[in-house]
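Notes for the one structure printed next.
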Amino acid sequence: MFSPTSKITTAQATIIIINYMLAAGVLTLPRTVTEQTQSPDGWISVLLGGVLAVIAGMIIAKLSQQYPKETFYEYSRHIVGKWLGHLISIVFITYFLALGAFEVRVMSEIVDFFLLEGTPSWAIIMTVLWIGLYSITQGLDPIARLFEMIFPITVIIFLTIALMSLGIFEINNLRPVLGDGIMPVLRGVKTTNLSFTCSEIMFILVAFMKKPKNAVKAVVIGTGVVTSFYMITMIMVIGALSVEGVVTRTWPGLDLMRSFEIPGLIFERFESFLLVIWIMQLFATFIITFYAASLGVSQVFKKKPLSCMFGLLPVIYILSCMPKNENDVFILGDTVSHIALYIFGALPILLLVISKWRKRGEK
Amino acid sequence: CWSSREIEDLGLTFAIAIDKGKETNTEKELKEEGGSYPKKDNITLTYQFVNEKAAGAGTSGGGGSGQGAQKAYINISETGDSLQQIGSEVALRRDREVFSPHLKVVVMSEDVLHTFPIDEMLDQFFRDNEIRLSCLVLSAKGEARDALQLKENGEIPAFRLIGLGENEHKVSRILPPMTLAKLIGKLHSGSSFLLQNVVAANGAVKYSGAAVINGKSKKMIGTLNEYETEGITWIRGEGKGGVVKSHDKKSQQTLAYDINKIKSRIQPIVKGKDISFHVDIESEGDLVENWNTKEALDTQFIDRLETTIENEVKKIVGQVLKKIQHDYKADVAGFDESFRLTYPHLWKRVKNNWDDTFSKADITYSVNVTITHFGTVKTQ
């Protein structure tokens with residue numbers, strides 16, 4: 001079932017990219033970016049971050065297209081040899097595990113704080129892990145179908161609640177545009193990469209696509225959709241809470257929803273809606289990382305996929321329990337995103353060059 | 001479920017009043033019986049709970065029970081030095097614990113605002129996961145807990161306080177709602193700001209004027225009265241409605257102008273090191289009351305009325321400007337914002353001492369009023 005027999009369409013690939021990308025960032029991005037920019041121009045940073053993510057994704061997609069029907073774990077040996085290939089694969093696996101653990105932990109933090117105060121976090125994390133395991137055992141196709149259901153719900157709810165917060169929106173909070181020049185914006189770009197770590201999924205996804213040549217298209221559309229989501233979030237949150245306010249809030253995205261009530265509608269409050277779609281998105285990101293890590297272990301060590309999944313379950317659990325408090329959680333997130341920046345920013349170009357060079361040599 | 005709590009066991013809190021520490025009689029008696037713990041009596045919190053017995057029996061009428069119809073709310077005061085601890089102490093006195101996700105309004109007494117920085121006082125509210133940021137913050141003259149009293153039965157004072165804020169289209173003496181969400185930004189930007197003030201007497205409440213909070217000390221430094229608050233509305237151009245009353249110069253008769261639209265533009269002018277402002281106010285509205293029934297409603301007469309209204313608005317604006325510039329030295333009228341938007345680079349240099357800069361700036365203003373309709377009285 002791990003051999004790329006179950007194929008996904010281009011649309012499914014796009015949706016997987018979107019769901020993989022949309023994650024913890026919706027709630028924290030306005031703060032992390034604004035902390036760096038100290039100006040209302042964070043949304044431009046997000047836009048630039050999106051462009052960079054597209055470029056990175058395109059490079060990885062191009063690389064993967066060179067080796068049809070093979071995931072990175074398989075084709076890396078063709079480029080850098082067996083041992084180095086294994087080593088890089090293990091780095092990737094570790095990265096996916098860390099990212100998955102981070103998403104699970106953030107979810108448990110939020111659920112514990114805002115929804116189920118008093119429920120032990122192991123109970124929340126366990127539930128997520130087991131359901132995650134259940135949803136990935138049958139390979140990528142069922143995951144894609146699950147995502148196809150999650151995606152429209154996310155879009156509709158997100159756009160509706162974003163629109164509702166217009167009541168407390170103040171345009172002056174977003175002005176002046178580029179009042180401090182372009183430098184703060186560029187500083188902000190750096191911090192957007194946790195939210196835009198998505199392109200690495202193309203190392204694996206392309207092998208499963210019915211039409212691998214559409215990989216770039218999937219990257220562009222997927223990243224475009226996510227970028228606009230994040231830009232809307234940035235603009236609405238800063239418009240409501242102002243630059244000075246945003247930087248002091250742990251979860252500004254959620255605070256936006258807690259900042260207004262609309263009496264007279266069936267529902268007065270909308271934070272639970274945001275939490276619903278957001279938990280779905282975190283779950284989506286988690287199962288993709290879980291799947292990518294299991295796939296890696298299985299292909300590198302030639303083990304049965306199912307045993308890899310069961311084997312990684314406790315690893316993710318322990319990793320997710322490691323941060324002692326909220327600050328540690330965010331440090332984990334920052335570390336993961338910095339590692340991502342280096343290994344997925346620089347490495348693919350290098351690999352692509354080597355690969356082209358080798359192929360030319362073969363001819 | 002671990003965290004489930006029956007709604008019957010929760011005390012829904014709609015309002016909290018914060019006063020300087022002064023124990024109530026009940027508290028004193030409890031203390032005499034030994035019911036206390038180590039604390040400083042800095043602040044007194046008054047929680048307003050919904051009275052579930054009265055709220056359930058809304059239509060029963062007649063008042064069959066001994067003490068007649070009940071109030072729809074119960075206020076409980078508790079004194080201490082930590083807001084969170086005071087809240088948990090209430091749980092020792094009431095079988096229903098404090099449950100504040102439905103908290104609508106926080107009222108702080110002027111005394112508290114004078115003594116404690118508002119950001120320290122509200123930290124627990126900002127940090128808490130139960131309290132929503134949509135909660136409104138008000139200041140109160142005298143005891144804040146008095147604003148949580150109503151003479152009428154069947155109504156909850158918290159909702160009255162919220163409802164008053166929604167009358168912006170009728171009166172220009174209401175400030176835009178300052179919710180916790182909006183307060184966060186204000187407190188961290190270091191700019192001075194206003195809190196809507198309420199006054200209470202004999203179970204009646206009224207929105208009246210505003211408390212001026214200094215951006216640096218975060219403490220209250222003075223008040224604006226209703227008239228001056230209206231001036232702030234004119235300068236900011238944020239009014240949605242309201243009335244300007246004046247007297248016709250020639251006939252000395254009362255006339256009233258109903259505001260439909262206020263537009264204002266604060267224009268910062270920088271010349272060398274000098275910073276000055278020009279405020280350009282434009283308004284459109286209707287003539288709704290005119291006691292001068294002798295004169296014909298011709299263009300000449302309308303012009304005269306417009307000038308009269310303009311002068312009145314100038315008087316209002318002038319008075320509040322004098323007060324905030326010279327008495328309080330605090331920019332609460334949004335001059336900082338227009339300066340920040342026009343001169344973003346210069347702003348970085350002046351923002352730390354903005355209130356000082358503002359108090360020395362020359363401010364000129366012009367008012368242009370247009371009367372568009374004259375009501376249903378055609379000729380006089």
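In table form, for the structure just shown:
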quantity: Inter-chain Cβ neighbour average for residues A:240-250, partner chain, 10 Å; calculated: 5
quantity: 10 Å Cβ neighbours from other chains, averaged over peptide A:161-173; calculated: 1
quantity: Dipole magnitude of chain A about its Cα centre (Cβ charges: Lys, Arg +1; Asp, Glu -1), debye to nearest 20; calculated: 2080
quantity: Neighbouring partner chain Cβ atoms per residue of B:79-86, average, 10 Å criterion; calculated: 0
quantity: Euclidean distance between Cα centres, the stretch B:211-284 to the stretch A:226-275, Å; calculated: 31
quantity: Calculated [θ] (222 nm, deg cm²/dmol) that DSSP helices of n ≥ 4 give over the protein assembly as shown, each run adding -39,500 (n - 2.57); calculated: -16500 deg cm²/dmol
quantity: Accessible area of chain B divided out per residue, in Å², using a probe of 1.4 angstrom; calculated: 48
quantity: Links that overshoot a 29 Å alpha carbon limit, given the list B:206/B:240; B:141/B:351; B:206/B:249; calculated: B:141/B:351; B:206/B:249
quantity: Cα centroid of the stretch B:313-354 to Cα centroid of the stretch B:100-177, whole Å; calculated: 26
quantity: Chain B: antiparallel DSSP beta bridges as a percent of all, rounded to 5; calculated: 65
quantity: Computed over the stretch A:8-344: relative contact order in percent, which uses C-alpha pairs under 8 Å that are six or more apart; calculated: 42
quantity: Equivalent-ellipsoid semi-axes of chain B, from the Cα gyration tensor, Å, largest first; calculated: 43, 29, 16
quantity: For the protein assembly as shown, diffusion coefficient by Stokes-Einstein and Kirkwood Rh (Cα), 4 °C, 1.567 mPa s, µm²/s; calculated: 44
quantity: Buried solvent-accessible surface, both chains (A, B), 1.4 Å probe, Å² to nearest 100; calculated: 2500
quantity: Accessible area of the stretch A:8-344 belonging to carbon and sulfur atoms, whole % at 1.4 Å probe; calculated: 71
quantity: Estimated inter-spin distance, residue A:160 and residue B:245, nm [label 7 Å along Cα→Cβ]; calculated: 4.8
quantity: Anchor residue B:71: aspartates and glutamates whose Cα lies under 18 Å away (excluding residues fewer than 8 positions away in-chain); calculated: B:52, B:146, B:152, B:155
quantity: Drop in accessible area of at least 50 Å² in the complex versus isolated chain, residues of the stretch A:99-144, 1.4 Å probe; calculated: A:113, A:117
quantity: Nearest-0.05 FRET efficiency for residue B:261 and residue B:289, computed from C-beta distance (R0 22 Å); calculated: 0.70
quantity: Lysine pairs within the stretch A:8-344, Cα separation less than 15 Å, 8 or more sequence positions apart or different chains; calculated: 7
quantity: Cross-link reach list, lysines versus residue B:245, counting only Cα pairs under 17 Å and skipping chain neighbours closer than eight places; calculated: B:170, B:261, B:314, B:315
quantity: Angle in degrees between helix A:140-164 and the longest Cα principal axis of chain A, rounded to the nearest 10; calculated: 20
quantity: For the stretch A:74-174, accessible area per residue (1.4 Å probe, heavy atoms of protein chains only), Å²; calculated: 43
quantity: Binned Cα-Cα distance frequencies in the stretch A:208-323 - 5 Å width, integer %; calculated: 2, 9, 11, 14, 14, 13, 14, 10, 7, 4, 1, 0
quantity: Distance from the stretch A:282-351 to the stretch A:1-78 (C-alpha centre basis), Å; calculated: 15
quantity: Among B:74, B:224, A:333 - extreme Cα towards positive end, dipole of the protein assembly as shown, charges at beta-carbon; calculated: A:333
quantity: Cα long-axis angle, helix A:305-321 against chain A (0 to 90 degrees, to the nearest 10); calculated: 40
quantity: Among A:23, A:11, A:293: highest mean-square fluctuation, GNM of chain A, C-alpha pairs under 10 Å; calculated: A:11
quantity: Of all DSSP beta bridges in the protein assembly as shown, antiparallel share, percent nearest 5; calculated: 65
quantity: Cβ-placed point charges (K, R +1; D, E -1), dipole of the protein assembly as shown about Cα centre in debye, nearest 20; calculated: 3340
quantity: Over 30 Å [Cα-Cα, chain A], rounded percent; calculated: 36
quantity: Cα-based helix-to-principal-axis angle, B:180-189 vs chain B, degrees rounded to 10; calculated: 70
quantity: Net charge dipole size for chain B [Lys, Arg +1 and Asp, Glu -1 on Cβ; Debye, nearest 20]; calculated: 940
quantity: Chain B, relative contact order in percent, only Cα pairs under 8 angstrom and at least six apart counted; calculated: 13
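The values are calculated or read from the model by the stated rules, or taken from the named source; none is laboratory data. Bear in mind the structure is a predicted one, so any value in this text is a computation, not a measurement. Cβ atoms come from the backbone with ideal geometry, glycine included; neighbour counts cover every protein chain shown. Quick note on the areas: whole protein, heavy atoms, side chains included, nothing else; ligands and nucleic acids left out. Shrake-Rupley method; radii C 1.70, N 1.55, O 1.52, S 1.80 Å.
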